[in-house]
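Q: Take a look at the following structure, please.
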Amino acid sequence: MVRGVAQRAFIPARHLLEEFGDMMILTGRTIWSALRPPYPYGGELVSQFLFALRLCWFPLLISTVCLCYAAPGLQAANFLTLFGALDRLGGFFVLGAIREIGPSVTAIVVAGVAGTAITADLGARKVRDELDALAVLGLDPVREVVTPRFLALGIITPLMNLVALLFGVVGGWAASVIVWHISSAGYLATFSSNFSMPDLLGSVLKTTVFGFIIAIACCYKGMNVKGGAEGVGRAVNQAVVISFAGIWVFNYMFTSILLAAYPETANLH
């Protein structure tokens, strides 16, 4: 009886480990396909890039401006006011918007908009046996389908992050000047004194990896759909959950490494 309970309890963990292993294998095959010539997926890469750009730019703009205006712009200012350090609000935006809020919002929007569309598209193709037809024709589904989406999200995510950082900083400036009546010069002075290239490069680098994580999770789930249209819906939900989990885990590790390599970035001047 105890053995049976243990086996039933181990099944979800085993399934999770198997999926993780399969996604790592898919990642390796995708990277190899991206590096090894020939490169027949150029047109599909451009198409997927423009597709993700068209879907994501407006939700990203609205989300970043509103979140940065409300969260650090209003809430953090209340906190800094308690210590008489409201003039440090510009520096706080380096910590909040550039390092965390901008990349996190970018990843959430890309996963929730472009990632779900990729999963649904590949899931529908799987249900219609189109992916199996590629293999029958002698074409590698990883090279033809996964690689262009992998590269497209790896390119579009850091570019979107730069847009998010720009509008996040603008949202913070608006909150500082309009609500808290801090001068633009004061906001920019504390912002520039705390801003450093490791902050910007780290933000771009980790959002690039975020894009790769989203692409692998969504492509894997879409290519392994079972159960028809209902299975496609389940795959979309699972792809988003896996993407968010992967993003959070990587973000924790990356931030820890960045702060260890550049300890001066942990201080607010």
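The values are calculated or read from the model by the stated rules, or taken from the named source; none is laboratory data. Note that the structure is a prediction, hence the values are computed from the model and not measured. Note: ideal-geometry Cβ built from the backbone for every residue, glycine included; neighbour counts use all protein chains shown.
Q: Among the listed residues 239, 215, 229, identify the single one that is among the small types (Gly, Ala, Ser), touching a Phe, Trp or Tyr at 6+ places or on another chain (Cβ under 7 Å) and closer than 21 Å to residue 126 by Cα.
A: From the options 239, 215, 229, the qualifying one is 215.
Q: Let me ask another. Can you find a residue in region 29-52 that is under 18 Å from the mean Cα position of the chain (by Cα), over 24 Å from residue 242 (Cβ atoms), among the basic types (Lys, Arg) and surrounded by fewer than 16 Cβ atoms within 10 Å (Cβ to Cβ)?
A: Within region 29-52 (the criterion being under 18 Å from the mean Cα position of the chain (by Cα), over 24 Å from residue 242 (Cβ atoms), among the basic types (Lys, Arg) and surrounded by fewer than 16 Cβ atoms within 10 Å (Cβ to Cβ)), the answer is no, since none of the residues qualifies.
Q: Condition first: in contact with a Gly (Cβ under 7 Å, 6 or more places away or on another chain) and among the aliphatic types (A, V, I, L, M). Now tell me which residues in region 159-173 satisfy that.
A: 164, 165
Q: A further question follows. If you scan region 9-63, which residues turn out to be polar (S, T, N, Q) and in contact with a Phe, Trp or Tyr (Cβ under 6 Å, 6 or more places away or on another chain)?
A: 30
Q: Can you give me the ranges of the helices (runs of 4 or more DSSP H) entirely in region 1-100 with at least 1 residues that are at pLDDT below 70 and either among the β-branched types (Val, Ile, Thr) or on the phi > 0 side of the Ramachandran plot (or both)?
A: Ranges flagged: 2-35, 77-82.
Q: At least 2 residues that are under 16 Å from the mean Cα position of the chain (by Cα) and surrounded by fewer than 22 Cβ atoms within 10 Å (Cβ to Cβ) in each: list the helices (runs of 4 or more DSSP H) lying fully within region 165-269 that qualify.
A: Here the list reads 197-223, 228-261.
Q: Can you pull out the residues in region 122-139 that are surrounded by fewer than 17 Cβ atoms within 10 Å (Cβ to Cβ) and among the charged types (D, E, K, R)?
A: 128, 129, 130, 132
Q: Condition check: free of Cβ contacts under 8 Å to residues at least 60 places away in the same chain and surrounded by 19 or more Cβ atoms within 10 Å (Cβ to Cβ). Does residue 147 satisfy that?
A: no
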